[in-house]
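Here the structure is laid out as structure tokens; the discussion comes afterwards.
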Amino acid sequence: MNSDTPLVLLHAFPLSSAMYAALATELRPLECDLLTPDLRGFGNVPLGTDEPSLDRMADDVAAVLDDRGSSRCVLGGLSMGGYVTMAMLRRHPDRVAGVILLDTKAGADSEQAQENRLRMADKVLEHGTRALIPMIDTLLGETTRRERPDVVSAVTGWVNAAAPEAVAWAQRAMAARPDSFDTLRTVDVPAAVVVGEEDVLSTVDDAQSMADAIDHPVPVHVIPRAGHLSAVEAPGVVASAITEVVNRSV
Ligand code: MLT
């Protein structure tokens with residue numbers, strides 16, 4: 001692969017690039033650079049004053065590439081990071097040399113799901129991120145929750161570290177996202193889909209329907225004993241799936 005073409009991995013909601021530490025270790029043998037930018041409002045990146053929109057986050061990713069002088073990247077995103085990946089495919093398709101969609105889905109929200117997000121946005125602004133703690137049960141697979149208290153505790157810390165304003169902004173942005181199946185039909189670069197077998201937020205069926213929408217054969221890697229945060233729960237297996245796409249991308 002061209003050495004100017006980095007691998008860029010976008011994090012989930014309401015986390016930050018901290019979630020990719022273990023995966024980054026597994027990906028060390030890769031010859032390309034790995035970038036795990038924080039999406040706006042998360043980690044150390046300011047939220048800014050734009051209206052909530054995943055398109056703004058996609059433009060931020062394009063700006064990261066501009067800053068390092070890279071015309072293209074292999075782009076992967078987990079859940080919200082996947083929604084931003086699909087926004088990037090819509091807005092900046094020529095910047096994407098390969099795609100990895102992890103624990104995400106291409107459909108837009110139902111009306112009910114949108115209402116839940118807007119309610120959660122208001123609640124977090126009023127009560128702080130502790131309103132998100134029940135969400136941890138859905139982020140991690142039941143095996144991880146039962147057997148790996150260290151992972152539960154790390155994820156709880158990351159959720160607690162999120163800024164309420166960023167959480168509310170991202171919920172509103174995700175509520176407004178469009179259906180992305182037509183976008184996936186335009187993908188003509190190497191791709192893979194990854195999903196935790198125990199993911200209850202973006203299911204194996206969601207994963208398969210994204211792969212089916214892409215007009216060339218796309219492997220679906222179902223990760224055993226992992227939930228929604230497959231890259232955190234099973235970084236070694238997920239690294240292999242990502243490496244395969246990087247090696248196929250030119
Ligand atoms: C995520 O992990 O990024 C969220 O589950 C995305 C969402 O709320 O749809």
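Computed from the coordinates by the stated procedures, all read-outs in this text should not be read as laboratory data. None of these values were measured; they are calculated from a predicted model. Cβ sites come from the backbone with ideal geometry, for glycine too, and all protein chains shown count toward neighbours.
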Where does the chain land at 222 nm, in deg cm²/dmol rounded to the nearest 500, when only DSSP H runs of n ≥ 4 count, each adding -39500 (n - 2.57), divided by all residues? -14000 deg cm²/dmol
If one computes the Cα centroid of segment 42-64 and of segment 146-224, what distance in Å separates the two points? 18 Å
I'd like the distance between the alpha-carbon centres of segment 1-34 and segment 101-121, rounded to an integer number of Å. 25 Å
Going by C-beta contacts inside 10 Å, put 242, 136, 214 in order with the fewest on the left. 136, 214, 242
Given backbone amide H placed at 1.01 Å from N, residues whose amide H is under 5 Å from that of residue 194, ignoring those fewer than 5 places away on the same chain, are 101, 102, 103, 221
